[in-house]
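Report on one structure; see the data block that follows.
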Amino acid sequence: MTFELNATSRAQQGTGASRRLRKAGQLPGIVYGGSAEPTAISLDHNSMYYTLQNEKFHTALINLSIDGAAAGQVLVRAVQYHPFKQQVQHIDFQRVTAESVIELKVPLHFVNGDTCQGVKLQGGAISNILNEVQVRCVASKLPEFITVDQGNLAVGNLSVHLSDLVLPEGVQLVSLLRGADLAVSMLNGAKG
């Protein structure tokens, strides 16, 4: 899924300027990376707040236009939220091309946990240890999510490890590249 964003450039920077933007219903941000200089931008806060609720937005290539001119494709790199208000404080975007090799956290989607033998017949409960994993791939092959099949969890087969995940072609787990093999989910409390 591709998202389209329209932003305006901003000349004023700093705490006071950002505070004035937020009061006017705008969201301050920055676009960096690639061969171009970093560009300070502002976006409509309310539309960005609801767009950020979509999980796909955080792992999608975004077509950004600044002041009506195409600025290229970007990825969301950092989002800062207010500690207790429903307000986004700042957003960072990184310029990428379809051939850029990137590292990004991708969410895990768990399936078949409620129908596995360890839960249904043996009285166990599944505990998901990780919610997301860091992957390395070409930007054009970045997956929205990675599916974790928990259908084989039972007594004697108590966990799903990162090495057990089925990854899309061209996607590598950074943890495995660094020699770590963590458990993604485990079956607890099974009666033996």
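The lysines whose alpha-carbon is closer than 25 Å to the alpha-carbon of LYS141, local same-chain residues fewer than 8 away aside, are LYS56, LYS105. By the rule of a C-alpha distance below 19 Å, with chain neighbours fewer than 8 residues away ignored, the lysines paired with LYS120 are LYS191. In this simple spin-label model, placing a label point 7 Å from the Cα along the Cα-to-Cβ direction at both VAL138 and GLU103 gives a separation of 2.1 nm. Protein-only accessible surface at a 1.4 angstrom probe places the residues HIS90, HIS58 in the order HIS58, HIS90, largest first. Within straight-line reach of LYS23, meaning a Cα separation under 17 Å, sit the following aspartates and glutamates at least 8 residues removed in sequence or on another chain: ASP44. If you take all other residues with their beta carbon under 12 Å from the beta carbon of ILE146, and give Lys and Arg +1 and Asp and Glu -1, the sum is -3.
Taking the protein heavy atoms of the chain in the context of the full set of protein chains, the accessible area attributed to carbon and sulfur is 48 percent at 1.4 Å.
Shown are THR59, THR97, whose ranking by accessible area with a 1.4 Å probe and every protein chain present, most to least, is THR97, THR59. Here segment 78-151 is assigned +1 on the Cβ of each Lys and Arg and -1 on the Cβ of each Asp and Glu. Its dipole about the Cα centre then comes out at about 120 debye. Listed options for P(r) over Cα pairs in 5 Å bins from 0, in percent are [x] 1, 8, 15, 17, 17, 12, 8, 7, 7, 5, 3, 1, 0; [y] 1, 7, 16, 17, 17, 14, 11, 7, 5, 3, 1, 0, 0; [z] 1, 7, 14, 15, 14, 12, 11, 9, 7, 5, 3, 1, 0, 0. The value calculated from this structure is the one marked [z]. Using a probe of 1.4 angstrom and keeping all protein chains present, the accessible surface of segment 1-94 works out to 56 square angstrom per residue. Farthest towards the positive end of the charge dipole of the chain, among the residues ALA60, ALA70, ALA11, is the Cα of ALA11, using unit charges on the Cβ of Lys, Arg, Asp and Glu. Rounded to whole numbers, the Karplus 3J(HN,Hα) couplings from phi for segment 107-118 are x, 9, 10, 9, 10, 6, x, 7, 10, 6, 4, x Hz, using 6.51 cos²θ - 1.76 cosθ + 1.60 with θ = phi - 60°, and x at Gly and Pro. Based on the Cβ-Cβ distance of ARG178 and ASN128, what FRET efficiency does E = 1/(1 + (r/R0)^6) give at R0 = 30 Å, to the nearest 0.05? That pair, ARG178 with ASN128, gives E of 0.90.
Taking amide H as placed 1.01 Å from N in the peptide plane, the amide H of GLN87 sits under 5 Å from that of HIS82, each at least 5 places away or on another chain. Between ALA78 and THR8, the simple label model (points 7 Å from Cα in the Cβ direction) yields a spacing of 2.6 nm. Rounded to the nearest 20, the Cβ-based charge dipole of the chain about its Cα centre (Lys and Arg +1, Asp and Glu -1) stands at 700 debye. With one equal scatterer per alpha carbon and no solvent term, the Debye-computed log10 I(q)/I(0) for segment 82-164 at 0.11, 0.13, 0.26 1/Å reads -0.49, -0.62, -1.21.
The values are calculated or read from the model by the stated rules, or taken from the named source; none is laboratory data. Model, not experiment: these values are computed from the prediction. Positions of Cβ are backbone-derived with ideal geometry, glycine not excepted, and every protein chain shown enters the neighbour counts. Side chains included, ligands, DNA and RNA excluded: accessible areas come from the protein's heavy atoms. Shrake-Rupley method; radii C 1.70, N 1.55, O 1.52, S 1.80 Å.
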